[in-house]
Amino acid sequence: MPVINRIAGLAEEMKGWRRHLHANPETGFDCHATAAFVAARLREAGVDEIHEGIATSGVVALIRGRAPGPAIGLRADMDALPMHEETGLPHASTVPGRMHACGHDGHTTMLLGAAKYLAETRNFAGTVVLIFQPAEEDGGGGRVMVEEGVLDRFEVGRVFALHTLPGLPVGHFRTTPGPILAAVDDFRIDITGRGGHAAMPQETRDPVIAACALVQALQTIVSRNNDPREDLVLSVTQIHAGSADNVIPGSAVVRGTLRTFDRAVRAMARARMEAVVQGTALAHGVEAAITVIDGYPPTVNDPAEARFAAGVAAGIAPTDPEGSRDMGAEDFAYMLEARPGAYLYVGNGDTPGVHHPGFDFDDEAAPYGASLLASLAERALPV
């Protein structure tokens with residue numbers, strides 16, 4: 001079964017929706033205008049129920065099939081990123097410092113297209129629960145929706161989500177059983193030394209030198225403490241210190257991110273980070289403290305649901321059912337912790353990567369993604 005004919009016929013309408021969303025990005029939990037747009041399209045489609053204001057600005061809609069049955073959840077994230085767009089496109093962001101650089105405008109559009117088709121045809125037995133979520137990029141809107149009882153309240157038994165993937169040909173799909181995205185922890189290291197005149201470094205305890213040594217030492221955790229067969233990424237992404245060329249500052253801050261799949265690897269890395277921080281501080285005569293901020297858990301596909309979803313996808317377009325896992329992170333993880341389901345990718349072609357100022361969702365991919373979401377509902381809830 002290729003792209004569903006009715007959904008192919010919605011391609012231009014979906015393009016209009018997607019470009020409107022792209023031009024009007026919102027971030028975090030503050031997705032109220034996006035949610036209002038989504039709710040308006042859902043009312044036009046004729047869904048049975050719309051519930052707004054979940055997780056601040058989330059929307060949940062219900063479509064009931066031709067007969068009673070279980071419920072399946074289909075989730076799309078709505079939020080953009082706090083970054084400046086550099087595409088120069090006619091539909092580029094009209095909001096300075098905000099941009100749909102991760103394709104969430106496309107995810108929302110694909111779920112709206114599936115909703116319109118499912119509300120018209122209702123060729124399933126049970127209920128399709130459409131979940132439009134804020135704050136995937138920052139804030140864990142998925143966790144909040146789970147905590148507010150969305151899956152329990154609407155009796156969702158299985159849950160699926162779809163994400164765009166640059167580098168994968170347009171219309172192709174990819175997933176994998178088991179872990180597909182990593183857990184993420186962010187860290188901050190505060191270094192306190194003794195500042196002074198840059199011409200008299202012997203009278204100081206230089207936190208800049210300590211910070212530089214610390215960045216190098218932290219990399220040995222991956223290269224010398226971790227089993228190379230286990231995935232681990234430790235990236236330092238920020239160093240802040242000083243305010244003048246002739247002043248050695250009194251303090252410095254080092255920040256970064258830790259990505260893992262295995263709990264034992266995560267525990268080892270965090271313990272070694274603490275030891276490296278304290279050892280480096282002692283060696284340089286400064287004081288240092290590390291704070292680790294727990295982030296999203298790993299995104300783990302239920303193996304049976306991943307095989308089911310890959311089978312459905314393969315009926316629409318070429319599909320890799322055993323694709324590689326990635327070190328990115330995703331708060332759909334919380335929904336997969338609460339319910340069996342799967343996370344899949346739809347190709348975006350040869351484009352800049354996500355979180356790049358030149359990224360744009362390829363509208364040609366939307367009919368493929370919408371067809372997959374609709375087909376997952378029909379196959380999971382057969383009449």
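Please list 108-114, 301-307 highest first by mean number of surrounding beta-carbon atoms within 10 Å per residue.
Values: 108-114: 29.0, 301-307: 18.7.
The most tightly packed comes first, giving 108-114, 301-307.
Using amide H atoms built in the peptide plane, which far-off residues or other-chain residues are under 5 Å from Leu232 H to H?
It is none; the list stays empty.
Hey, could you pull the Cα Rg and Dmax for the chain, both in Å?
23.3, 82
Relative to the Cα centre, what is the charge dipole magnitude of the chain, using +1 at the beta carbon of each Lys and Arg, -1 at the beta carbon of each Asp and Glu, and rounding to the nearest 20 debye?
Working: 31 positive and 48 negative charges, 130 e Å.
About 620 debye.
Quick check: residue separation of Ala92 and Glu337 times 0.36 nm, minus the Cα distance between them. What number comes out in nm? Before the final figure, lay out the partial values.
Values: separation 245, 0.36 × 245 = 88.20 nm, distance 3.56 nm.
84.6 nm is the gain from fully extending Ala92 to Glu337.
Provide His104, His91 in ascending order of the number of other Cβ atoms located within 10 Å of each residue's Cβ, fewest first.
Details: His104 29, His91 19.
By the 10 Å Cβ count, ascending: His91, His104.
Given the range 223-343 reduced to its alpha-carbon atoms as identical point scatterers, what log10 I(q)/I(0) does the Debye formula return at q = 0.09, 0.21, 0.23 Å⁻¹?
-0.42, -1.26, -1.37
For Ala40 and Ser243 in the same chain, what is the full-extension length gain: residue separation times 0.36 nm, less their Cα-Cα distance, in nm? The partial results should precede the final answer.
Details: separation 203, 0.36 × 203 = 73.08 nm, distance 5.06 nm.
Answer, rounded to one decimal: 68.0 nm.
Counting Lys and Arg as +1 and Asp and Glu as -1, each charge on the Cβ, what is the dipole of the range 208-341 about the Cα centre in debye, to the nearest 20?
Working: 11 positive and 16 negative charges, 61 e Å.
Dipole magnitude for the range 208-341 comes out near 300 debye.
Which one, Gln202, Gln278, Gln219, has the greatest fluctuation when you compute a Gaussian network model over the chain with C-alpha springs under 10 angstrom?
Gln202
Among bridges DSSP assigns within the range 183-294, what percent are antiparallel (round to 5)? Intermediate results must be reported in sequence, preceding the final value.
Details: 30 of 30 bridges.
Counting only bridges with both partners in the range 183-294, antiparallel ones make up about 100 percent.
Please list, in chain and number order, the residues 5+ apart from Gly315 or on another chain whose amide H is under 5 Å from its amide H, with Hs placed from the backbone.
none
Neighbouring Cβ atoms within 10 Å as the yardstick, rank His355, His163 fewest first.
Listing His355, His163 from fewest to most nearby Cβ atoms yields His355, His163.
State which helices in the chain qualify, where a helix is a whole DSSP H run, it must extend 15 Å or more along its own axis by its Cα atoms, and its mean Kyte-Doolittle hydropathy must be at least 1.0. Provide the component values of the computation, followed by the final result.
Values: long enough: 11-23 (18 Å, -1.41); 32-45 (20 Å, 0.37); 104-121 (26 Å, -0.16); 207-220 (20 Å, 1.49); 263-284 (32 Å, 0.16); 303-314 (16 Å, 0.65); 366-380 (21 Å, 0.50).
Result, helices passing both filters: 207-220.
Give a residue-ordered list of calculated ³J(HN,Hα) values for the range 56-71 (Karplus: 6.51 cos²θ - 1.76 cosθ + 1.60, θ = phi - 60°; whole Hz; x for Gly, Pro).
Result, rounded to whole Hz: 6, 9, x, 10, 10, 10, 10, 10, 9, x, 6, 8, x, x, x, 10.
Regarding the range 183-294, what is the average projected area of its C-alpha convex hull, in nm²? Numbers along the way, then the final one.
On the way: hull surface 26.5 nm².
Mean shadow area of the hull around the Cα atoms is 6.6 nm².
First select every other residue whose beta carbon is under 11 angstrom from the beta carbon of Arg122; then total the charges, Lys and Arg +1, Asp and Glu -1. Could you put the intermediate results ahead of the total?
Working: positive: Arg64, Arg66; negative: Asp48, Glu120, Glu378.
Result for the neighbourhood of Arg122: -1.
Using Cβ counts within 10 Å as a stand-in for footprinting exposure, how do Cys31, Cys102 rank, fewest first? Walk me through the numbers before you get to the answer.
On the way: Cys31 29, Cys102 24.
Going from least to most buried by this count: Cys102, Cys31.
Once each part is reduced to its C-alpha centroid, what is the distance from the range 117-151 to the range 171-238 in angstrom?
After rounding, the separation between the Cα centres reads 36 Å.
How big, on average over all directions, is the shadow cast by the Cα convex hull of the range 163-233, in nm²? Let's see the in-between values first.
Numbers: hull surface 35.3 nm².
Directional mean of the projected Cα hull area for the range 163-233 stands at 8.8 nm².
Computed from the coordinates by the stated procedures, all read-outs in this text should not be read as laboratory data. Computed from a predicted structure; not experimentally measured. Cβ sites come from the backbone with ideal geometry, for glycine too, and all protein chains shown count toward neighbours.
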